[in-house]
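S.K.: Mind looking over this structure? Questions follow.
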Amino acid sequence: MLDKTGIAKRIAQELQDGWYVNLGIGIPTLVANYVPDNITVEFQSENGILGMGPFPYDGEEDADLINAGKQTVTLQPGASVFDSATSFAMIRGNHVQLTVLGAMEVAQNGDIANWKIPGKMVKGMGGAMDLVASAENIIVAMMHTNKKGESKLLPSCSLPLTGVKCVTRIITNLAALEIKDGAFHLLERAPGVSVEEIKAATAGKLVVEGDIPEMIID
Amino acid sequence: MAINKVVANATEATEGIKDGMTLMLGGFGLCGIPENCISEMVKMNVKGLTCISNNAGVDDFGLGLLLQKKQIKKMISSYVGENDEFERQMLSGELEVDLIPQGSLAERCRAGGAGIPAFFTPAGYGTEVAEGKEVRDFNGKPHILESALTADFAIVKAWKGDTAGNLVFKAAARNFNPMMAMAGKITIAEVEELVPEGDLDPNFIHTPGIFVQRIFQGVDYEKRIEQRTVRQKG
């Protein structure tokens, strides 16, 4: 089974040289720490940064330089800063090659819900709806089940949607899966996790074809 | 000589802001917010405001200060997760809230300032956000019609500005400020450093002075950091 760091490391394996990548809040943010040495990617932050770097050294924080999670960050050489309309032009205009974000629920047709629990939690969608509406390559990073142990991979979402038929890949603590033809297709098992455990934790339609390899995580 | 937009301070700048008005306020989280004007409006005690702002501050800073005093009737935002008082007022029904996708919010402000009454966007299709909105297919993909936003006053914060109202923003503090500056019937700019006309290089102006009606040099910027994240040397 993977912890949050493990999920981030596995997602980092999906990165390709020359990509611009938008990382959401939470587990996705950790992906930036595990970019393979032999490739170059630039991180886009929806609040107006391209070429976002790591956290600043202690004492060098700048209140004017934060990421979408309001954390202090730095700029890499070659970075640029811009306004919110330009930022979302990059996102909706499909100039960003990969979006990684968290979710409360994902449906077998690629629907995603991650912004609202009616009557309980209403934080807002932020940039998530713009991101999922346009990106061609969307990876969801999340735990396979919620705190009550219920599956987050469902036949259909019960919570208000963030976007429809948009998620292409999911990396959880248990598995790597692809969404196509209205089903979750099992690609890899997390270390030490059996296909049976993944089946038991997946409420939506799960397709298991042939031998499912175990992930290789450094 | 350029047209002079300078006012003395936040008190002069906010003159004419009245109960029930619609305001735009720049900033992302607490980054790039007009601290001076927000404090001034707390003092003025204007009420029944509709505030268009990406976020709603935190409990004791930014727009949270206006929320604490129940001066805001309605918020139009994309993300309000850092503010407990906001969530309480919203869930209890005291506060009207219109949550809209962040990119749509930015573009609706830009459109309002640019004379574009509405536009189609893919963001929000198939969600609650699309309810009651026209849907049309372009290139085989569904889009929803979003309308422009304008405001009685737009209140923005810049790093540097000149007497002509030209503005330069710093790093990620730019965010919504340039679009909102365009969309205000009256736009107030508070800046950290106000310089004479001619001092700013025209090639590096982010917001041209035509969009700004009043400008002043702010005082005592706190520039609070919401999430101080650092790494250690070595």
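Read the figures in this text as sums done on the coordinates, not as results from a lab. As the structure is a computational prediction, the values presented were derived from the model and not from experiment. Heads up, the Cβs are rebuilt from the backbone with ideal geometry, glycines too, and the neighbour counts pull from every protein chain shown.
S.K.: Once amide H atoms are built 1.01 Å from N in the peptide plane, which residues 5 or more positions from residue B:17, or in another chain, come under 5 Å H to H?
M.R.: Close amide H contacts, sequence-distant or interchain: none at all.
S.K.: Give me the lysines in straight-line cross-link reach of residue A:205: C-alpha distance below 24 Å, same-chain residues under 8 apart excluded.
M.R.: The qualifying lysines are A:147, A:148, A:152, A:165, A:180.
S.K.: Mind listing the phi-derived Karplus ³J(HN,Hα) values for the range B:26-31, rounded to whole Hz, using 6.51, -1.76 and 1.60 with θ = phi - 60°, and x for any glycine or proline?
M.R.: In residue order, the calculated couplings are x, x, 10, x, 9, 8 Hz.
S.K.: Could you list the residues of the range B:141-157 with an amide nitrogen less than 18 Å from a label point located 7 Å from the Cα of residue B:185 in the Cα-to-C-beta direction?
M.R.: Under 18 Å, as judged by backbone N against the label point of residue B:185, lie B:148-156 of the range B:141-157.
S.K.: May I ask you to sort B:223, A:116 by Cβ crowding, counting other Cβ atoms within 10 Å and putting the fewest first?
M.R.: B:223, A:116
S.K.: What residues qualify as long-range amide H neighbours of residue A:163, i.e. H under 5 Å apart, gap of 5 or more or another chain, H built at 1.01 Å from N?
M.R.: Placed amide hydrogens put A:112 under 5 Å from residue A:163.
S.K.: I'd like the FRET efficiency for residue B:221 and residue A:178, computed as 1/(1 + (r/R0)^6) with the beta carbon distance as r and R0 of 45 Å, rounded to 0.05.
M.R.: Working from the Cβ atoms, E equals 0.40.
S.K.: How much length would be gained if the chain were fully extended between residue A:212 and residue A:158, taking 0.36 nm per residue of separation minus their Cα-Cα distance, in nm to one decimal?
M.R.: Going from the current span to full extension adds 16.5 nm.
S.K.: With a sphere of radius 12 Å drawn around the Cβ of residue B:82, what net charge do the other residues whose Cβ falls strictly inside it have (Lys, Arg +1; Asp, Glu -1)?
M.R.: With Lys, Arg at +1 and Asp, Glu at -1, the neighbours total -3.
S.K.: Restricting to DSSP H runs of at least four residues, report the calculated mean residue ellipticity at 222 nm for chain A, -39500 (n - 2.57) per run over all residues, nearest 500 deg cm²/dmol.
M.R.: Helix contribution divided over all residues of chain A: -4000 deg cm²/dmol.
S.K.: List the residues whose amide H sits under 5 Å from the amide H of residue A:154, counting only those 5 or more places along or on another chain, with H placed 1.01 Å from N in the peptide plane.
M.R.: Here the answer is A:106, A:107, A:108, A:204, since their amide H atoms fall under 5 Å of that of residue A:154.
S.K.: Within straight cross-link reach of residue B:5, meaning Cα distance under 18 Å, which lysines are found once same-chain residues fewer than 8 apart are removed?
M.R.: The qualifying lysines are B:157, B:160, B:185.
S.K.: Need one number: nm distance between label points at residue A:196 and residue B:201, each 7 Å from Cα along Cα→Cβ, rounded to one decimal.
M.R.: 6.9 nm
S.K.: Also: Can you list the HN-Hα couplings for the range A:71-81, worked out from phi with the Karplus curve (6.51, -1.76, 1.60; θ = phi - 60°), rounded to whole Hz and with x for Gly and Pro?
M.R.: Result, rounded to whole Hz: 8, 5, 9, 10, 10, 7, x, x, 6, 9, 10.
S.K.: List the trypsin sites (Lys or Arg not before Pro) in the range A:133-194 that DSSP assigns to loop (not H, G, I, E or B) and whose Cβ has at most 11 other Cβ atoms within 10 Å. Which are they?
M.R.: The qualifying sites are A:147, A:148.
S.K.: Still on this model: Which FRET efficiency value, to the nearest 0.05, is calculated for residue B:131 and residue B:91 with the Förster distance at 22 angstrom and r the Cβ-Cβ distance?
M.R.: According to the calculation, E is roughly 0.65.
S.K.: Another one. Obtain the nm distance between the two label points defined at residue A:4 and residue A:150 by a simple spin-label model: each point lies 7 Å from its Cα along the Cα-to-C-beta direction.
M.R.: Once both label points are built, they end up 2.3 nm from each other.
S.K.: Across the range A:17-24, in residue order, what do the Karplus-derived ³J(HN,Hα) couplings come to in whole Hz, using 6.51 cos²θ - 1.76 cosθ + 1.60 with θ = phi - 60° and x for Gly and Pro?
M.R.: Whole-Hz 3J(HN,Hα) from phi for the range A:17-24: 4, x, 7, 9, 10, 9, 10, x.
S.K.: Would you mind ranking A:144, A:95, A:185 by Cβ crowding within 10 Å, fewest neighbours first?
M.R.: Neighbour counts put them in this order, fewest first: A:95, A:185, A:144.
S.K.: Any idea what log10 I(q)/I(0) is at q = 0.07, 0.08, 0.10 Å⁻¹ for the protein assembly as shown, Debye with uniform C-alpha scatterers and no solvent?
M.R.: Summing over Cα pairs of the protein assembly as shown leads to -0.36, -0.47, -0.72.
S.K.: Could you give me D for the range A:4-173, from Stokes-Einstein at 25 °C and 0.890 mPa s, where the hydrodynamic radius is the Kirkwood radius over C-alpha pairs? Units µm² s⁻¹, please.
M.R.: D, rounded to a whole number, is 149 µm²/s.
S.K.: What ranking do B:21, A:125, A:52 get, fewest neighbouring Cβ atoms within 10 angstrom at the top?
M.R.: Ranking B:21, A:125, A:52 by Cβ neighbours within 10 Å, fewest first, gives B:21, A:52, A:125.
S.K.: Right, next: Could you point to the residue in B:198, B:164, B:143 farthest towards the positive end of the range B:117-201's charge dipole, with +1 and -1 charges on the Cβ of Lys/Arg and Asp/Glu respectively?
M.R.: About the Cα centre, the residue reaching furthest to the positive side is B:143.
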